[in-house]
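One structure is given below, encoded as structure tokens.
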Amino acid sequence: MSAAPETAGTAAQACTPGTPLYSAILEFLYREAALLDESAYAAWIELCAEDIHYIMPVRTTQFRARGAGFEDVSFFDENINSLRTRVARLQTESAWAETPPSRTRHFLTNVLVEAGERPHEFAVAANFLVTRTRADQGYQMFTGRREDLLRRVAPSEFRIVRRRILIDQTVITSTNLSVLF
């Protein structure tokens, strides 16, 4: 698939399941999950765009009439510099929340892809399940929806421009939030 700009209609059709574009995006997401599960953080950060916005808003329980319950306050709200610092720290012994390191599994499902507002950008929504176990602690699970914006930088190469993590839990019972989503 060429990296030439696409019209909105063509881009929307190209994003449907079974198309080469959808398959390339899905493979990107699966490979990204594998990097996180393998603690290959230096390789993972290379998948992030310089202008990334990586955010997990706090969720509160709301009546449906008041919306989904996501607040302006966030568990984390990061850019490329703070993510690089976080990744660098995870690779040291001074990241006490990750010593010994967590063992994680990232699962994605119900992946939907739409053309973004700009050429070469794609809005990707997916449900996630992240499991973590560390030392002799039991499993900790995080579930929710991820809203990503991916930018195509080559025919089969993408960068994460935005990741909004909409967690299902209103109370986070894990020992910390040191894992990457």
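Just so you know, all these numbers are worked out from the coordinates, no wet-lab data involved. Just so you know, these numbers come straight off a predicted model, no measurement behind them. Here the Cβ positions follow ideal geometry from the backbone for every residue, glycine too, while neighbour counts run over all protein chains shown.
The residue pairs whose first member lies in segment 170-181 and is over 13 Å from residue 143 (Cβ atoms), whose second member is among the aliphatic types (A, V, I, L, M) and assigned to a loop (DSSP other than H, G, I, E, B), and whose beta carbons are closer than 8 Å, counting only pairs six or more residues apart or on different chains, are 178/95.
Taking segment 124-144 as the region of interest, how many residues are within 22 Å of residue 59 (Cα to Cα) and out of contact with any helix residue (DSSP H, G or I) (no Cβ under 8 Å at 6 or more places or on another chain)?
Within segment 124-144, residues that are within 22 Å of residue 59 (Cα to Cα) and out of contact with any helix residue (DSSP H, G or I) (no Cβ under 8 Å at 6 or more places or on another chain) number 13.
What's the total number of residues in segment 128-166 that are in contact with a Ser or Thr (Cβ under 8 Å, 6 or more places away or on another chain), of a type in the set (A, V, I, L, M) and over 18 Å from residue 29 (Cα atoms)? Final tally of qualifying residues: 1.
Kindly indicate which of 107, 122, 142 is crowded, with 20+ Cβ neighbours inside 10 Å, closer than 23 Å to residue 170 by Cβ and under 14 Å from the mean Cα position of the chain (by Cα).
142
For residue 114, are the conditions met, namely being in a strand (DSSP E or B) and charged (D, E, K, R)? Criteria met by residue 114. Residues considered: 132, 146, 105. Of these, the only one that is of a type in the set (D, E, K, R) and touching a residue at least 60 places away in the same chain (Cβ under 8 Å) is 105. Under the condition of being surrounded by 15 or more Cβ atoms within 10 Å (Cβ to Cβ) and more than 12 Å from residue 52 (Cα to Cα), which residue from segment 157-176 is nearest to the chain's Cα centre (by Cα)? So, considering only residues that are surrounded by 15 or more Cβ atoms within 10 Å (Cβ to Cβ) and more than 12 Å from residue 52 (Cα to Cα), the one nearest to the chain's Cα centre (by Cα) is 165.
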